[in-house]
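The values are calculated or read from the model by the stated rules, or taken from the named source; none is laboratory data. These figures come from a predicted structure and were not determined experimentally. Positions of Cβ are backbone-derived with ideal geometry, glycine not excepted, and every protein chain shown enters the neighbour counts.
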Amino acid sequence: MSVPLQDASPMTFNHQNLQIGWFGEPDISIQHGGDIQMLCTDEYQDIRHDILVIGAHPHADELLMALRREPATALSLIFVTSASAMSAHLANGLWQQGWYQTAEMFLQRQQLWQLEPGDNLELRLLSYLWLHPGSTLEPLKTPATAQLYDYPLLTAWGIEQSGQIGWLNALTQKGWLESQQLVNRVRYSPCCHSSRLNYLDSCPACQDINIQLQTSLHCFNCGHIASEQSFRKQTGLSCPNCYQTLRHIGVDYDRPIENQQCLHCKTLFVDAAVSAQCLECNTSHELQDLIVSNVCRYGLTLAGQLLARQGVVANLFTDYGGNQMSLSQFCWLANWQNQLAKRHQHCHSILAVKLANDEQLCGGAMQLKELEILQQRICAIVRTTDACTQYTEAGMLFLLPFTQAHSVRTLVNKFIELKQSFSVPLYFDFRSVSLPADTGLNFQSWLLDSLASAKPLGHE
Ligand SMILES: [Zn+2]
Ligand SMILES: [Zn+2]
Ligand SMILES: [Zn+2]
């Protein structure tokens with residue numbers, strides 16, 4: 001059944017043709033302007049709608065899980081009419097006024113999206129995070145499980161809860177994901193990978209757990225140490241071993257710092273031995289043998305965004321040589337050079353090169369084969385420089401030591417020469433700043449601000 005179209009509101013993209021699939025109770029109070037088709041909650045296979053909405057429904061969370069599990073809707077834009085336990089993890093926001101701005105961004109990205117994830121879950125996650133801008137992978141606290149935390153999207157995709165943190169760590173190592181917030185730290189047993197641990201303090205001599213706090217006294221006359229209780233007599237304190245009367249602390253006796261005693265072997269001690277007992281299998285572990293895992297909220301890094309957007313092959317600036325560093329490393333190095341330059345009257349330049357029409361090129365204007373060649377040619381230029389970093393999806397920064405502003409042209413010309421070899425015009429944006437400069441405390445902000453306000457260098 002189709003709900004009649006409402007009047008179009010002033011929107012910037014053509015949403016009239018949008019196919020909206022609707023589950024559960026319909027809600028037409030919000031202007032939609034698209035073609036709404038009611039869907040059955042038990043028919044969620046092979047859905048091909050642009051947008052899905054889940055209305056009031058008693059099993060909304062199960063439905064969300066089922067939709068994410070299906071390859072056809074694993075990455076879809078799904079709205080819910082009211083928040084539920086899982087909606088923050090599996091849906092993409094509330095169905096409310098302005099929903100079409102979210103939809104517009106999603107559909108635009110879907111057009112640009114070049115990655116073919118297939119069955120590869122790593123690429124699927126990168127695609128998900130990129131197709132839904134601003135979304136992050138949020139852990140869900142699940143105290144009833146032995147893992148304590150779960151990433152519902154990964155669970156829907158069939159990744160075992162016990163392996164999720166390790167899987168995410170591997171993606172972080174590859175440089176595609178980054179932790180955006182450290183949510184918690186959990187310790188797991190090395191035997192069963194369980195957080196159900198019982199921390200036991202025991203006697204360091206005989207490992208018996210029957211220990212207790214006890215105040216002891218130490219007789220200076222004979223060296224006897226025993227519980228304070230055994231020294232207490234009606235007349236005051238006296239040693240049960242040598243019968244000496246103890247009057248002054250520090251002169252006749254003192255209190256040893258060992259304030260715990262084993263009731264099994266009678267040893268007195270300061271610190272009990274602590275071990276962690278796995279409640280699943282009863283194995284005892286030293287604390288340093290436990291697996292410590294950070295539970296984080298994850299988002300895409302720049303490299304992850306590039307990969308999702310441009311696909312594996314068309315990654316123009318990223319098949320770099322060893323001279324590419326992170327933006328913060330680059331800024332550290334440039335800042336250090338800046339300090340030296342001030343002291344020794346040196347002169348360095350920083351050049352920013354940006355491909356202004358990369359969206360057009362990667363969006364289909366250029367054949368894949370030609371894109372690969374362009375990538376190789378760019379990388380060949382990058383390898384001839386000393387230090388560089390990628391600072392936007394389509395741009396690089398180069399540090400050119402001992403290079404005056406006018407000599408920057410040599411590198412600029414290499415990029416300009418590229419233009420002759422390709423069928424599609426390449427539009428580069430070149431900007432440079434010179435060191436030494438007064439950069440203030442935050443070098444990175446200074447650099448990005450200065451580049452933004454610098455005059456683009458001429459192409460000829
Ligand atoms: Zn165990
Ligand atoms: Zn004594
Ligand atoms: Zn003991």
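I'd like to know if the stretch 198-209 contains one or more residues that are away from ligand 3 (no atom under 16 Å from the Cβ), touching a residue at least 12 places away in the same chain (Cβ under 8 Å) and closer than 27 Å to Ala146 by Cβ.
Within the stretch 198-209, one or more residues are away from ligand 3 (no atom under 16 Å from the Cβ), touching a residue at least 12 places away in the same chain (Cβ under 8 Å) and closer than 27 Å to Ala146 by Cβ.
Select from the stretch 172-209 the residues that are among the hydrophobic types (A, V, I, L, M, F, W, C), surrounded by 13 or more Cβ atoms within 10 Å (Cβ to Cβ) and either within 16 Å of ligand 1 (Cβ to nearest atom) or not assigned by TED's automatic domain parsing to the domain that holds Ile257 (or both) and list them in ascending order. Answer for the stretch 172-209, where residues must be among the hydrophobic types (A, V, I, L, M, F, W, C), surrounded by 13 or more Cβ atoms within 10 Å (Cβ to Cβ) and either within 16 Å of ligand 1 (Cβ to nearest atom) or not assigned by TED's automatic domain parsing to the domain that holds Ile257 (or both): Trp176, Leu177, Val183, Val186, Cys191, Cys192, Leu197, Leu200.
Which residue, of Ala205, Ala226, is of a type outside the set (S, T, N, Q) and either part of a strand (DSSP E or B) or in contact with an Asp or Glu (Cβ under 8 Å, 6 or more places away or on another chain) (or both)? It would help to see each step written out before you state the result.
Values: Ala205 fails: either part of a strand (DSSP E or B) or in contact with an Asp or Glu (Cβ under 8 Å, 6 or more places away or on another chain) (or both).
It is Ala226.
Which of the residues belonging to the stretch 171-194 are under 15 Å from the mean Cα position of the chain (by Cα) and over 13 Å from Leu126 (Cα atoms)? Residues satisfying the conditions are Gln173, Ser179, Gln180, Gln181, Leu182, Val183, Asn184, Arg185. Looking for whichever is closer than 22 Å to Ala387 by Cα and in contact with a Ser or Thr (Cβ under 7 Å, 6 or more places away or on another chain) here; the options are Ser432, Ser450. Which one fits? It is Ser432.
In the stretch 210-257, which residues are within 30 Å of Asn282 (Cα to Cα), surrounded by 14 or more Cβ atoms within 10 Å (Cβ to Cβ) and aliphatic (A, V, I, L, M)?
Ile211
The residue that is nearest to ligand 1 (Cβ to nearest atom), counting only those in the stretch 267-300 that are assigned to a loop (DSSP other than H, G, I, E, B) and among the charged types (D, E, K, R), is Glu280. Quick check on the stretch 414-421. Is at least one of its residues buried (at least 16 other Cβ atoms within 10 Å of the Cβ), assigned by TED's automatic domain parsing to the domain that holds His344 and of a type in the set (S, T, N, Q)? So far as the stretch 414-421 goes, no, none of its residues is buried (at least 16 other Cβ atoms within 10 Å of the Cβ), assigned by TED's automatic domain parsing to the domain that holds His344 and of a type in the set (S, T, N, Q). Screening Leu213 with (1) assigned by TED's automatic domain parsing to the domain that holds Gln260; (2) modelled with pLDDT of 95 or more gives one miss only, at (2).
For the stretch 312-430, list the helices (runs of 4 or more DSSP H) that sit wholly inside it and hold at least 2 residues that are out of contact with any Gly (no Cβ under 8 Å at 6 or more places or on another chain) and modelled with pLDDT under 75; which are they?
Details: elements: 327-344, 368-383, 409-418.
Filter on the stretch 312-430 gives 368-383.
Among the residues of the stretch 422-433, which ones are of a type in the set (Ser, Thr, Tyr) and crowded, with 16+ Cβ neighbours inside 10 Å?
Here is the first cut: in the stretch 422-433, the ones of a type in the set (Ser, Thr, Tyr) are 423, 427, 432.
Correct list: Ser432 only.
For beta carbons closer than 7 Å, sequence separation of 6+ or different chains, a first residue in the stretch 221-247 that is in contact (Cβ under 8 Å) with a residue 40 or more places away in the chain and a second that is more than 11 Å from ligand 2 (Cβ to nearest atom), the qualifying pairs are Ile225/Ser216; Ile225/Pro256; Ile225/Leu268.
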